[in-house]
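J.: Supplied in structure tokens, the structure appears directly below.
Derivation of every value follows stated rules applied to the coordinates shown; laboratory data play no part. All values derive from a computational prediction rather than experimental measurement. Cβ sites come from the backbone with ideal geometry, for glycine too, and all protein chains shown count toward neighbours.
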Amino acid sequence: MKQIKIFHNNRCSKSRKALGIVNQLSNNVQVIDYMNHPVLKSELIQVLKYLKMSPQDLLRKNEADYKEHIKGKDLNDDQIINLMLEYPKLIERPIVICDGRAIVARPPEIVNTFIIS
């Protein structure tokens, strides 16, 4: 059975729904509670590679931390990644990883076709 990882924020309804779908599809699920257990910089960089996204593309731009620390500033990718690690609310969620690929599961239902493909 495929191993699936999900970057999960339990306070997010979309993340909870995606986790429910993932749990229906696999018994081999690793939940990464990145809000309470920080991820390593190398892990976040790998996730960005799987997503084929830039750090800027993975930001939640409506968060207060974005407006305070990023908006209007000329930051490079490394600086943005460091801010994402310091302020994990900035990371878009949920992120589902399977077989060296990843998606931001918004809407959560796209997990079904992602895991099956």
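J.: In square nanometres, what is one fourth of the surface area of the convex hull spanned by the alpha carbons of the chain?
T.: Numbers: hull surface 27.6 nm².
Mean projected area of the Cα convex hull: 6.9 nm².
J.: Still on this structure: Projected onto the charge dipole of region 1-49 (+1 at Lys/Arg Cβ, -1 at Asp/Glu Cβ, origin at the Cα centre), which of 27, 9, 37 gives the Cα projection farthest towards the positive end?
T.: Of 27, 9, 37, it is 9.
J.: Who wins for biggest fluctuation among 35, 84, 53 in a Gaussian network model of the chain, springs between alpha carbons below 10 Å?
T.: Among 35, 84, 53, the largest mean-square fluctuation in the Gaussian network model of the chain belongs to 53.
J.: Put +1 on the Cβ of each Lys and Arg and -1 on the Cβ of each Asp and Glu in the chain; which of 95, 54, 113 then has its Cα farthest toward the positive end of the dipole?
T.: With unit charges placed on the Cβ atoms, the residue in question is 113.
J.: Given the rule -39500 (n - 2.57) for each run of at least 4 DSSP H residues, summed and divided by the residues of the chain, what is its mean residue ellipticity at 222 nm, to the nearest 500 deg cm²/dmol? Before the final figure, lay out the partial values.
T.: On the way: 5 runs with 47 residues, N = 117.
Counting only the DSSP helices, I get -11500 deg cm²/dmol.
J.: Continuing with the same structure: Just list whichever of 14/67; 5/71; 17/61; 5/49; 14/61; 41/89 have alpha carbons separated by over 19 Å in the model shown.
T.: Details: 14/67 22 Å; 5/71 30 Å; 17/61 22 Å; 5/49 15 Å; 14/61 17 Å; 41/89 15 Å.
Distance filter (> 19 Å) returns 14/67; 5/71; 17/61.
J.: Relative to the longest principal Cα axis of the chain, at what angle does helix 41-51 sit, 0 to 90 degrees, rounded to 10?
T.: 60
J.: Does anyone have the angle between helix 77-86 and the longest principal axis of the chain? Alpha-carbon axes, 0 to 90°, nearest 10?
T.: Result, in degrees: 70.
J.: With everything on Cα atoms, drop me the angle between helix 13-25 and the longest principal axis of the chain, reported from 0 to 90° to the nearest 10.
T.: Long axis of 13-25 versus the principal axis of the chain: about 30 degrees.
J.: Moving to a separate point now. Residue by residue through region 102-117, which ³J(HN,Hα) values in whole Hz follow from phi under the Karplus form 6.51 cos²θ - 1.76 cosθ + 1.60 (θ = phi - 60°), with glycine and proline marked x?
T.: Per-residue couplings from phi come out as 8, 9, 8, 7, 10, x, x, 5, 5, 4, 3, 6, 5, 5, 6, 6 Hz.
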